[in-house]
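Each remark here refers to the structure printed beneath this line.
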Amino acid sequence: MPDLVSTAQQSTAWPFEEARKLVARIERTGQKAVLFETGYGPSGLPHIGTFGEVARTTMVRNAFRILTEDRIPTRLLCFSDDMDGMRKVPDNVPNRDALTEFLHRPLSSVPDPFGEFESFGHHNNAMLRRFLDTFGFDYEFASATDYYTSGRFDPILRLIAERYQAVMDIMLPTLGEERRSTYSCFLPISPKSGRVLYVPMKQVDGANGTVTFEDEDGVDVTVPVTGGHVKLQWKPDFGARWAALGVDFEMYGKDHQPNTVVYDSICRVLGAEAPEHFVYELFLDDKGQKISKSKGNGITIDDWLKYASPESLALFMFSKPREAKKLYFDVIPRQVDDYLTFLEKFPGQPIKEQLGNPVFHIHGGRPPAVETISDASNHATTVSFAMLLNLVAVANSEDPQVLWGFLRRYSPTVSAENHLGLARMVGYAVAYFRDFVRPSKVYREPTEAERSALGDLATALTEHVGSTDGNALQAVIYEVGRAHFPDLSGKSKSPDGRPGVSQSWFSTIYQVLLGADRGPRFGSFAALYGVSETCELIRKGLDGSLMADHQHFLASRN
RNA sequence: GAGCGCGUAGCUCAGCCGGUAGAGCAAUUGACUUUUAAUCAAUAGGUCCUGGGUUCGAGUCCCAGCGCGCUCACCA
């Protein structure tokens, strides 16, 4: 498929642009493999930025594989810095008090507050892996604790001890006056307390590979830099890891950008070539503020996946990684529908456009076929999320079956069994209804006149229990409405010439029974919802329990 | 102050290698509806932030300016 490769070489899609840097790199160095890395700080659960990093890195990796036709093996390493000290007890874990005594210990030496894993670090690592696995990412997991204690970092640690001054010469000018006097790129683990110490080195012995420092009890201690007795300070840790593992590509957020020079310099001082970088913009919350784990603003991966597919989130990550984008609930429906549109267009596009189509990158070059439903005249169409959201609001129900009922009005044969993708979307739409539409509902009490009319309606409907004839039920509604709320303007008339029904009758039904100003054609609604259920709904509207239920619902959300 | 990004229809945004300005929503009108919602069809709506430059031709490329946003101690 040389056509694909040559087109990819010209493609302006950002994963190809990044991948071409890597192609140039291997041509320059002659290396026979390429290593992608993403970093993860396990002081909390994986967040949406973690997903973005892995997803985007995977897109570059796939682009690289296409450009090189898989002649160069690639790996993606997800590196967890679980030896980092726990600086504060996270807010969102149980047994917080029990953790306090383990402050500043490496996360892999802090007990798991959930009581499930060997340590808190192990717990969070497991969460990360479970999360990456649910998306089907191809990656290798790496634990900093494992790498340090197993001796895998020993050569680089000895090298840093030897070239200590060179590393410090890079670091010191970047630091403030105060920090400069105590800074060390080695952070010893106290043999006595087990805590990660931010203390000055009294001596660094490059020949023997040891450091001497004052322990917490005031006694000088000498430990080897190897074997996990010492870990590296953040910035040297980046550069050293790149050098030790031979990392070729790592992307990170804009907040890291000023440090790029420092990381790279340290990597070079340690005799390695710095990796290729890609700096992406940060995500903003609904108020335009940066999303961060510590602030807890913005939305989580779970939030997103409650209302939309992983693919729609992947689309969000693909689009414009260099722009600060709002990442909030209200962007979700658009991403879902854009994804469907891109998927729909893909098969008919020339290769060049396919390579720029997000679904190409989301699906590693092999996007699936889009799902369609056929209407009565056998015209195939895709069901958009926007339309489903409208439908679910009209159906006024969290019961997916009611929604399927509405869908079958358009496409009689459609079902959850023959439309798996649509079934997923129905679930998302129901969740969206529950969390965003339903809370905005306002039920009101009927007036005396309305009360009487609704009572008559319930009585009249009782004679039609079991009916699924929307038109017949609609006729009942008109009959009752005509008796209580005739339209005297003469504008609307029934087919047989009698006076029509006032608009206010329908408003009453929607406001009292559905908590909205507008709603579905009520006869059709009753047919799908069930006549006896509809009578029950009217009864609850009359005795005030719809209002009370809604109050309870609202209260239960807080 | 430095770095990065943004400025296109009422709103949210697309706009690829420079070639007659696009979508969704909102609005208006119509079809179907004895109300509504949905669906379908149509209409209207823009000094592409400003000023220069390159070019036969600039929303697009270059320079300058204006406005807005984010990041930039320590820690990761």
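The values are calculated or read from the model by the stated rules, or taken from the named source; none is laboratory data. Since the model is a prediction, treat every value here as computed from it, not as a measurement. FYI the Cβ positions are ideal-geometry reconstructions off the backbone, even for glycines, and counts take in every protein chain you see.
One table, with the values for the structure above:
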| quantity | calculated |
| --- | --- |
| Residue in region A:508-520 that is at pLDDT 70 or above, more than 11 Å from RNA strand B (Cβ to nearest atom), assigned to a loop (DSSP other than H, G, I, E, B) and under 30 Å from A:GLN551 (Cα atoms) present | yes |
| Unmet requirement for A:CYS185, which otherwise passes all of (1) touching a residue at least 24 places away in the same chain (Cβ under 8 Å); (2) away from RNA strand B (no atom under 13 Å from the Cβ); (3) surrounded by 14 or more Cβ atoms within 10 Å (Cβ to Cβ) | (2) |
| Helices (runs of 4 or more DSSP H) wholly inside region A:267-365 that include at least 2 residues being more than 12 Å from RNA strand B (Cβ to nearest atom), within 28 Å of A:PRO42 (Cα to Cα) and not aliphatic (A, V, I, L, M) | A:301-307, A:310-318 |
| Test: residue in region A:33-41 that is of a type in the set (A, V, I, L, M) and under 17 Å from the mean Cα position of the chain (by Cα) | no |
| Region A:12-47: number of residues that are of a type in the set (Val, Ile, Thr) and over 20 Å from A:ILE66 (Cβ atoms) | 2 |
| Matching residues in region A:85-142 - criterion: being assigned to a loop (DSSP other than H, G, I, E, B), surrounded by fewer than 18 Cβ atoms within 10 Å (Cβ to Cβ) and acidic (Asp, Glu) | A:ASP91, A:GLU116, A:GLU118, A:ASP138 |
| Single match in A:ALA527, A:ALA475 (criterion: farther than 19 Å from A:PRO446 by Cβ, modelled with pLDDT of 70 or more, more than 8 Å from RNA strand B (Cβ to nearest atom) and under 51 Å from the mean Cα position of the chain (by Cα)) | A:ALA527 |
| Filter result for the condition that a residue is more than 20 Å from A:LEU546 (Cα to Cα) and in a helix (DSSP H, G or I), over A:ARG438, A:ARG408 | A:ARG408 |
| Answer from A:THR38, A:THR145, A:THR100 - the residue that is among the hydroxyl-bearing types (Ser, Thr, Tyr) and farther than 30 Å from A:ASP215 by Cα | A:THR38 |
| Qualifying residue in region A:1-9 (condition: polar (S, T, N, Q) and free of Cβ contacts under 8 Å to residues at least 12 places away in the same chain) | yes |
| Qualifying position, being among the aromatic types (Phe, Trp, Tyr) and under 23 Å from the mean Cα position of the chain (by Cα), among A:PHE102, A:PHE135 | A:PHE135 |
| Tally of residues being assigned to a helix (DSSP H, G or I) and more than 16 Å from RNA strand B (Cβ to nearest atom) across region A:227-243 | 1 |
| Single condition A:LEU35 does not satisfy, out of (1) touching a Ser or Thr at 6+ places or on another chain (Cβ under 7 Å); (2) not in a helix (DSSP H, G or I) | (1) |
| Condition met for A:ASP91 (within 13 Å of RNA strand B (Cβ to nearest atom), in contact (Cβ under 8 Å) with a residue 40 or more places away in the chain and either more than 21 Å from A:HIS361 (Cα to Cα) or not small (Gly, Ala, Ser) (or both)) | no |
| Hits in region A:85-122 (condition: aromatic (Phe, Trp, Tyr) and either out of contact with any His (no Cβ under 9 Å at 6 or more places or on another chain) or under 19 Å from A:ALA144 (Cβ atoms) (or both)) | A:PHE102, A:PHE117, A:PHE120 |
| When residues of region A:538-548 are limited to those that are without any contact (Cβ under 8 Å) to a residue 40 or more places away in the chain and under 15 Å from A:ARG451 (Cβ atoms), the one surrounded by the most Cβ atoms within 10 Å (Cβ to Cβ) | A:LYS540 |
| Tally of residues being under 15 Å from A:VAL60 (Cα atoms) and in contact with a Pro (Cβ under 9 Å, 6 or more places away or on another chain) across region A:315-354 | 3 |
| All positions within region A:40-59 that are part of a helix (DSSP H, G or I) and under 21 Å from A:ASP255 (Cα atoms) | A:ILE48, A:GLY49, A:THR50, A:PHE51, A:GLY52, A:GLU53, A:VAL54, A:ALA55, A:ARG56, A:THR57 |
| Yes/no for A:GLN257 being within 16 Å of RNA strand B (Cβ to nearest atom), free of Cβ contacts under 8 Å to residues at least 60 places away in the same chain and within 20 Å of A:ILE170 (Cα to Cα) | yes |
| Every pair of residues 6+ apart whose Cβ atoms lie under 6 Å, when the first sits in region A:514-537 and is at positive phi while the second is modelled with pLDDT under 80 and more than 10 Å from RNA strand B (Cβ to nearest atom) | A:GLY515/A:LYS441; A:GLY515/A:VAL442 |
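The rows are residues; the columns are (1) closer than 30 Å to A:GLU162 by Cβ; (2) surrounded by fewer than 17 Cβ atoms within 10 Å (Cβ to Cβ).
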position	(1), (2)
A:HIS229	yes, no
A:ASP237	yes, no
A:ALA244	yes, no
A:TYR252	yes, no
A:THR260	yes, yes
A:GLU276	yes, no
A:GLY288	no, yes
